[in-house]
1. Show the residues, 5+ positions off or on another chain, whose built amide H is closer than 5 Å to the amide H of ALA108.
2. Using 0.36 nm times the number of residues separating ALA141 and ASN24, minus their current alpha carbon distance, what extension gain do you get?
3. Leaving ligands, DNA and RNA out of it, report the carbon-plus-sulfur percent of the accessible area of region 93-154 at a 1.4 Å probe.
4. Over region 80-143, what relative contact order in percent results from Cα pairs under 8 Å that are six or more residues apart?
Amino acid sequence: MNLSASSATTTDNDPGDLFKSAANLAVKVAIVAAVVVGAIILLAVMAAPEGSSQGDMSDQAVAARIQKVGTLTLGDAAGSGPRSGEDLFKERCAACHAAGLMGAPKLADKAAWGPRIASGYAALLNAALKGKNAMPAQGGAGYSDVEVGRALVYMANASGASFAEPEAESADAATAPVAKNAKP
C-alpha cells in the first residue's frame, strides 16, 4: 500500500493543534468554574435574610444571629403567676397525697395531719421546701416557695388547719401565713 504524500501530512500530529486544544480546554474549564462560583454566590445572597449584615460583629448582632430557636417550659407558661394550692395539689402533690403513697398523709386525713399541723406552718413549709423522707424538695419540681406554701395550706386546711394562704407579693413565704386556730 502506497500512501500519497497528501494523506501522510494530514495524519501527522501537529504540535500547534495540541496547544490549541489545550487552550480551548482551559478556557472551557475557566468558564465552567466561573459559572459554578457565580451560582454559589447567587445562592448565598438569596439565602441570607433580608437586611442581614453577616459581617456585623457587634454584641447585639452576634446575639441576634445565635438566639435560641425555642424554649421548653414545664407546667404553666411563664408569666401566668403562681398557681393556686388546689391546682398545684392536683398537678403534683396528689400523686402521693391522694393515695397515701410512701407514708405521705392523705388529703383530709385528720389523724395523719393532726401532729403535722400542730408543729406549725413554718415547720411544714420547711419540710415541703427541703424535702422529707420520700418526698423530694418542692415536690420534685421547680415551683416557687409561694406555690409550695399554697399547696401545703390547701392540704392542711382540708385536714382541719386554718392556715392563711401565702400572698404572691410576700418576699418571705415562710413567715407570711399565720395559723388562725390550728386544729389538730
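The values are calculated or read from the model by the stated rules, or taken from the named source; none is laboratory data. What you are looking at is a predicted structure, and each value in this text was computed from that prediction instead of being measured. SASA here: full protein model, heavy atoms, side chains in, ligands and nucleic acids out. Shrake-Rupley method; radii C 1.70, N 1.55, O 1.52, S 1.80 Å.
1. SER159
2. On the way: separation 117, 0.36 × 117 = 42.12 nm, distance 7.33 nm.
Full extension of this stretch gives 34.8 nm more.
3. Using a 1.4 Å probe with all protein chains present, region 93-154 comes out at 59 percent carbon and sulfur.
4. Numbers: 37 pairs, mean separation 11.9, N = 64.
The normalised contact order for region 80-143 reaches 19 percent.
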